[in-house]
Amino acid sequence: MDQDERRGLQAAVLAYSLWGLLTLYWKQLAGLDALELIGWRVTTAGAVMIAVVASTGRLGTVVRALANGPTTRRVMLASALLTVNWTTYVWAVVNDRVLETALGYFLAPLGTMALGVFVLGEELTTLKRWSIAFAAAAVIVLTASYGRMPWVALLLAGSWSWYGLTKRRVPLDPIASLTSELVVLLLPAAALVALGWFRTDGIPDQAQG
């Protein structure tokens, strides 16, 4: 395993560990509207990322990327897939579908590997083939034991795998790429947050209560 592969494996382990722990946080917000939660998540994340990019002098890179037609279309697709993934995940957690979210993020690496092989033309070693076979068998067992079609898991896995493929084709570094996606989503997310201030069951009203 070379240095890039080790770094990739370490990043994957860290990311999935944080996602698992993040479920505990979202579970504490089960009484709040999932769409409004996503509005707050995108708005606050967007503000933070814009500040980070601006402080490092890369805000112009994001602006130029969003002014480029092909790049803008890829960023918009990534933004849509990110919205689907985040909204599905938060909705599932606050509606007691945590097992399906776990299955979804277990499926996601398999989807990513499938895209790597069939779309990007990467080759699998014998060890990787066996690893995929065992993982696929585990998914089949988990799905069968669940007793119904895990549409939440499929939506999470599909949107996340497609999101990864789309980001690969965006000519920006990870921080600038995420910032550009959040900029695209900022206006509708801010509208969701603003709407919550006028609802009696909105997050600001519940937080004050």
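The values are calculated or read from the model by the stated rules, or taken from the named source; none is laboratory data. Quantities reported herein were computed from a predicted structural model and do not represent experimental measurements. So basically every Cβ, Gly included, is an ideal-geometry build from the backbone, and we count neighbours across all protein chains shown. Quick note on the areas: whole protein, heavy atoms, side chains included, nothing else; ligands and nucleic acids left out. Shrake-Rupley method; radii C 1.70, N 1.55, O 1.52, S 1.80 Å.
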Original post:
What translational diffusion coefficient, in µm²/s and rounded to a whole number, does the Stokes-Einstein relation yield for the range 123-201 at 37 °C and a viscosity of 0.692 mPa s, taking the hydrodynamic radius as the Kirkwood radius over Cα pairs?
Top reply: 197
Subject >> Segment THR200-THR44, extension gain: residue separation times 0.36 nm, minus the distance between their alpha carbons >> reply: 54.0 nm
**OP:** For the chain, build the charge dipole from Cβ charges (+1 Lys, Arg; -1 Asp, Glu) around the Cα centre, then report which of PHE118, SER79, ILE132 sits farthest towards its positive end.
**Re:** PHE118
Original post:
Of the trypsin sites (Lys or Arg not before Pro) in the range 126-162, which ones lie in a loop per DSSP and count no more than 10 other C-beta atoms within 10 Å?
Top reply: ARG148
Subject >> Given charges at Cβ of Lys, Arg, Asp, Glu: the chain dipole, positive-most of ASN68, ILE38, LEU21 >> reply: ASN68
**OP:** Could you work out the local net charge near ARG199, counting Lys and Arg as +1, Asp and Glu as -1, over the other residues with Cβ closer than 15 Å to its Cβ?
**Re:** -4
Subject >> Axial C-alpha extent at least 20 Å, average Kyte-Doolittle at least 0.0 - helices from the chain (DSSP) >> reply: 34-55, 69-94, 98-118, 126-146, 151-168, 174-196
**OP:** Loop sites only, by DSSP: take the GluC sites (Glu not before Pro) in the chain that have at most 11 other C-beta atoms within 10 Å and name the longest stretch containing none of them.
**Re:** 1-121
Subject >> Surface/4 estimate of mean projected area, convex hull on alpha-carbon atoms of the range 1-64, nm² >> reply: 6.6
**OP:** Within the set of other residues whose C-beta is less than 12 Å from the C-beta of VAL94, count the net charge using Lys and Arg as +1 and Asp and Glu as -1.
**Re:** -1
**OP:** Could you work out the local net charge near SER79, counting Lys and Arg as +1, Asp and Glu as -1, over the other residues with Cβ closer than 15 Å to its Cβ?
**Re:** +4
**OP:** Starting from the Cα gyration tensor of the range 10-133, multiply each eigenvalue by 5, take the square root, and state the resulting semi-axes largest first in whole Å.
**Re:** 27, 25, 14
**OP:** Treating each Cα of the range 62-153 as an identical point scatterer and ignoring solvent, apply the Debye formula and state log10 I(q)/I(0) at q = 0.12 Å⁻¹.
**Re:** -0.56
Subject >> Calculated on alpha-carbon atoms, Rg and Dmax of the range 144-190 in Å >> reply: 15.0, 42
**OP:** Can you figure out the FRET efficiency of ASP173 with ARG129, using R₀ = 30 Å and their beta-carbon distance, to the nearest 0.05?
**Re:** 0.40
Original post:
Please state the relative contact order of the range 82-173 as a whole percent: Cα pairs under 8 Å, 6+ residues apart?
Top reply: 51
**OP:** List the chymotrypsin sites (Phe, Trp or Tyr not before Pro) within the range 141-209 that fall in a DSSP loop (any state other than H, G, I, E or B) and whose Cβ has at most 15 other Cβ atoms within 10 Å.
**Re:** TRP197, PHE198
Original post:
With the Cα gyration tensor of the chain giving a ≥ b ≥ c as the square roots of its eigenvalues, does the rule (a/c under 1.5 for rounded; else a/b larger than b/c for prolate; else oblate) give rounded, prolate or oblate?
Top reply: oblate
**OP:** At 1.4 Å probe size, with every protein chain present, just tell me what the per residue accessible area of the range 61-167 comes to in Å².
**Re:** 55
Original post:
With contacts defined as alpha carbon pairs under 8 Å and 6 or more residues apart, what's the relative contact order of the chain in percent?
Top reply: 37
